[in-house]
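First comes the structure, then the notes that go with it.
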Amino acid sequence: MEKIVTLLLACFVFSISLFGQEKVTLSGYIKDGESGETLIGATAYILETQQGVTSNEYGYYSLTVEPGSYTVEFAYLGFEAQKKEVDLQSNETMDVELGSEAAQLEEVIVIGEAEDQNVTDVEMSVNKLDMKTIQRIPGFLGEPEVIRGLQLLPGVTTVGEGATGFNVRGGSIDQNLVLLDEAPVFNSSHLFGFFSVFNPDAIKDVKLYKGGIPSRYGGRISSILDVRMKEGNIKNLSLEGGIGSVFSRLSIEAPIVKDKGSFIVAGRRSYIDFLAKPFLRGDLKESVLNFYDLTLKANYNINEKNRVYLSGYFGRDNFGFAEDAGFSWGNSTGTLRWNHLFSEKLFSNLTLFLSDYDYAIDFGSDAVNSFTWNANIDNYSFKPEFTYFINPDNILRFGGQVVVYTFEPGNAQGVSEGEISDVSLNKQYAIESAAYVEMEQEIGSRISLNYGLRLSHFNYTGEGNAYTYGEAPAGQRRPVSGVESFDQWESIETYLNLEPRLSLKYQLNNVSSLKASYNRTTQYIHLISNTTASTPLDVWTPSTNNIKPQLGDQVAFGYFRNFVDNTYELSSEIYYKKMQNLVDYIDGANLLLNEFIEGDLLEGEGRAYGWELQIKKNKGRLTGWLSYALARTERRVEGINRDEWYPSRYDQLHNLSISAFYELNERWTFSGTFVLNSGTPTTFATSRFEQQGYVVPHNAIDTRNNVRIPTYHRLDLAATLKGKKKRPDQKWVGDWVFSVYNLYNRRNPFSIYFNQPEDRVLPDQPTITEAIQLSVIGSFIPSVSYNFKFR
């Protein structure tokens with residue numbers, strides 16, 4: 001690790017020597033000519049020097065060259081390229097609006113970036129899905145879904161239907177940092193994982209980092225999911241929405257001041273409870289089963305050098321059974337950002353955000369017998385970032401971040417026969433901070449680098465008690481040996497970690513390249529869950545004096561190639577990831593409302609390794625991709641599985657998915673997805689005791705995850721009928737979507753458990769037990785939905 005840090009520092013020193021050269025700069029924003037939305041990843045390319053840059057997350061580009069006359073080409077896939085003749089004798093600003101290409105069947109595409117970017121860009125282990133592609137993927141009940149789209153990519157999995165979140169390269173769901181306009185989202189799912197919190201009508205860009213994570217990102221050890229919201233149509237009023245089988249959605253975009261500022265408001269609400277109410281009787285008539293969310297954003301261009309953005313998300317799931325029981329959970333985020341240009345070459349962004357995730361449980365509706373429990377995690381952040389465009393071959397990024405956390409693991413109160421019992425847990429507090437520097441560099445025509453350092457610090461603070469624990473045999477509960485009280489913001493434990501990052505690309509020729517990457521990442525907060533799939537009611541906890549931060553080290557190597565004028569893409573990657581200080585649990589751990597939960601936690605290590613393959617067809621009537629992953633993920637914890645390596649609950653040896661889209665004509669589009677995954681591990685008893693006719697399962701050899709549930713496979717189909725466009729200036733356009741989820745009625749197992757008859761067994765007769773397979777989806781599910789746009 002010291003050699004890696006020394007090498008990176010030497011590269012930074014070399015790059016600084018480039019600052020002083022006298023040149024001129026062409027800069028500006030690249031936008032969608034129809035809506036005024038800035039385009040992320042659009043290219044500005046100088047034909048004479050064969051140098052170019054891509055626009056950043058705010059659509060800004062900057063090209064620094066020798067004074068002279070140039071031809072600059074601005075391009076973004078799916079839009080008509082523009083060539084501009086520029087006489088650059090001094091710094092110049094040029095904003096460019098690109099128009100959409102004419103709709104031609106032979107030009108159908110499934111990506112939203114430069115055609116050869118997968119080969120020429122230094123990034124690897126990165127997947128990007130544009131919203132047009134996500135909306136064409138057959139969805140559950142006909143609804144387009146961001147998370148389900150990601151699960152069709154290599155290295156991204158789930159443990160089954162009804163599981164929240166997603167797993168990346170063998171990591172748990174809490175090891176993914178999910179960002180919505182830079183604010184973290186702690187639970188990315190509605191309705192136990194069937195839908196995500198991302199409204200497709202409000203999303204502009206989706207990017208997943210599985211490896212090669214740049215130093216500007218931190219906080220998780222498996223992946224970064226960076227989701228960017230639309231800014232709103234800055235030119236005209238626009239409506240978009242859909243009416244589906246389960247919920248409906250509507251978004252409104254409009255200028256605040258034309259060509260200066262705009263807003264978007266998008267909402268969704270399910271109506272399962274309304275549809276079910278006529279069929280419910282008695283107390284169940286008052287049952288509640290719904291979710292809703294509201295996504296909104298506004299932006300305003302103050303002047304050429306200053307622009308501000310304000311965005312937010314508010315969503316909630318509600319489940320209530322009559323008036324006596326129910327629970328709910330939800331996310332709330334708010335982001336304020338200020339873009340400022342210090343010069344044509346120095347771009348800055350200042351972000352302030354808040355994020356809250358909470359859940360609540362209620363049992364009983366009277367004052368005599370009841371139970372209430374609510375928990376939440378709050379965090380507030382200040383994040384300044386700077387980008388210095390030295391020249392087309394060198395881009396320097398630097399900045400920092402401070403996050404303040406408040407954890408409330410449980411505010412609970414029970415009432416029994418009128419007697420109140422408060423079993424609440426104390427709040428926990430922490431401050432996470434980081435500083436980073438990152439250089440993106442081209443060396444000649446073949447070598448590209450992205451290297452950086454991130455220094456992170458974590459301070460676990462009071463107010464509250466900090467416990468110390470005594471020794472215990474491996475795998476058993478540790479007893480409390482001491483307690484110490486701390487005042488508000490008084491340090492209890494601190495951690496400091498240096499995180500080097502490095503990505504390298506070697507261009508073999510115009511159509512192929514080799515890439516390699518290494519990254520160390522640190523995670524200071526943890527999700528406490530020992531269920532097969534995490535639930536909305538799991539508890540977040542910070543690193544403490546007893547829980548160390550998780551560390552991840554990953555290396556990856558890849559070969560990338562395009563064929564037939566970039567019509568076909570091939571990417572092949574191998575990776576190895578080592579994880580330290582993973583949280584595990586003793587057998588029979590008590591994780592809920594346990595003041596001494598740290599005594600039930602174990603510390604372990606993990607490893608994940610595999611091969612990922614993706615083949616894509618980007619052009620023509622038939623487009624799509626095939627993804628395959630051959631992977632292993634394992635854990636080793638002292639006191640579990642005889643101290644030997646065992647498969648984690650996310651381990652799936654084979655993951656295959658095929659996604660295909662066919663444009664029959666201007667109105668009909670057909671799509672389909674097929675998924676085939678190895679079964680996930682689970683633990684079965686290896687022996688049993690019988691006592692008075694009852695069976696007591698027993699794991700005689702202390703194994704964990706010793707069997708696998710059956711293979712998972714599913715086929716989904718969809719057909720989209722586009723509305724007739726009778727004239728070019730037609731405002732209203734509507735599409736019908738007909739889909740079938742789980743076409744051939746596969747009952748994929750989510751879990752397997754054992755049961756025995758309730759009747760007492762006769763003397764001298766064996767007790768018969770049976771294995772029961774639980775399938776969340778037990779049949780095929782057809783649906784019809786209607787989507788519309790008004791512009």
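Observations on the structure shown:
- Reachable lysines from K722, criterion Cα separation under 21 angstrom, eight or more residues apart if same chain: K132, K619, K731, K789
- Values of log10 I(q)/I(0), in the order q = 0.17, 0.18, 0.24, 0.27 Å⁻¹, for segment 663-734 under a Debye, Cα-only, solvent-free model: -0.83, -0.87, -1.05, -1.14
- Each Cα pair of the chain feeds into the Kirkwood radius, which the Stokes-Einstein equation turns, at 10 °C and 1.306 mPa s, into a diffusion coefficient of 56 µm²/s.
- Applying the Karplus relation 6.51 cos²θ - 1.76 cosθ + 1.60 with θ = phi - 60° to segment 56-66 yields 3J(HN,Hα) values of 7, 5, 10, x, 8, 10, 8, 10, 10, 9, 5 Hz, where x marks Gly and Pro.
- Förster radius 30 Å - calculated FRET efficiency between A325 and N745 (Cβ-Cβ, nearest 0.05): 0.40
- Cα-based shape type of segment 368-408, given that a ≥ b ≥ c are square roots of the gyration tensor eigenvalues and the cut on a/c is 1.5: prolate
- Segment 699-791: chymotrypsin sites (Phe, Trp or Tyr not before Pro) in DSSP coil with no more than 13 other Cβ atoms inside 10 Å: Y744
- The chain - percent relative contact order, Cα under 8 Å, separation 6 or more: 11
- Separation of the V308 and F788 label points, Cα + 7 Å toward Cβ, nm: 3.6
- Expressed as a whole percent, the accessible surface of segment 325-446 that belongs to carbon and sulfur atoms is 57, based on a 1.4 Å probe.
- Among the listed pairs K128/K726; K23/K258; K230/K277; K235/K305, those whose Cα-Cα separation exceeds 27 Å are K128/K726; K23/K258; K230/K277.
- Among the protein heavy atoms of segment 503-623, carbon and sulfur supply 57% of the accessible surface, probe 1.4 Å, non-protein parts ignored.
- For segment 510-644: rounded, prolate or oblate by the Cα gyration tensor [a/c cutoff 1.5]: prolate
- Nonpolar atom fraction for segment 696-791, defined as the carbon and sulfur part of the 1.4 Å probe accessible area, stands at 58 percent.
- Per-residue ³J(HN,Hα) for segment 144-157, Karplus 6.51 cos²θ - 1.76 cosθ + 1.60, θ = phi - 60°, Hz, x for Gly and Pro: x, 9, 5, 5, 5, x, 5, 6, 8, 9, x, x, 10, 9
- Probe 1.4 Å - accessible area at T703, Å² to nearest ten: 20
- Note on F342 and K132: their simple-model spin labels are 3.8 nm apart, each label 7 Å out from Cα toward Cβ.
- Neighbour-limited loop hits for chymotrypsin sites (Phe, Trp or Tyr not before Pro), segment 466-502 (at most 14 other Cβ within 10 Å; DSSP other than H, G, I, E, B): W489
- Peptide packing: for 713-726, 230-243, 202-215, the average count of neighbouring Cβ atoms within 10 Å per residue gives the ranking 202-215, 230-243, 713-726, highest mean first.
- Each label point was placed 7 Å from the Cα along the Cα-to-Cβ direction; for T767 and W645 their separation is 3.8 nm.
- For segment 513-613, applying the loop criterion from DSSP together with a ceiling of 12 other beta carbons within 10 Å to the trypsin sites (Lys or Arg not before Pro) yields no site.
- Positive dipole terminus of the chain, leading residue within S215, N369, S456 (C-beta point charges): S215
- Mean accessible surface per residue for the chain, computed with a 1.4 Å probe while every protein chain stays in place, in Å²: 42
- Residues I447, I574, sorted by accessible area with the largest first, give I574, I447 [1.4 Å probe; ligands and nucleic acids excluded].
- The helix-only estimate of mean residue ellipticity at 222 nm for the chain, built from DSSP H runs of length n ≥ 4 each weighted as -39500 (n - 2.57), is -1000 deg cm²/dmol after division by the residue total.
- Based on alpha-carbon atoms, the Kirkwood radius and the radius of gyration of segment 678-787 give Rg/Rh equal to 1.32.
- Taking K616, K84, K548 and ordering them by how much accessible surface each has at a 1.4 Å probe, largest first, produces K548, K84, K616.
The values are calculated or read from the model by the stated rules, or taken from the named source; none is laboratory data. Quantities reported herein were computed from a predicted structural model and do not represent experimental measurements. Neighbour counts run over all protein chains shown; Cβ positions are idealised from the backbone, glycine included. Surface areas here come from the heavy atoms of the whole protein model, side chains and all, with no ligands, DNA or RNA. Shrake-Rupley method; radii C 1.70, N 1.55, O 1.52, S 1.80 Å.
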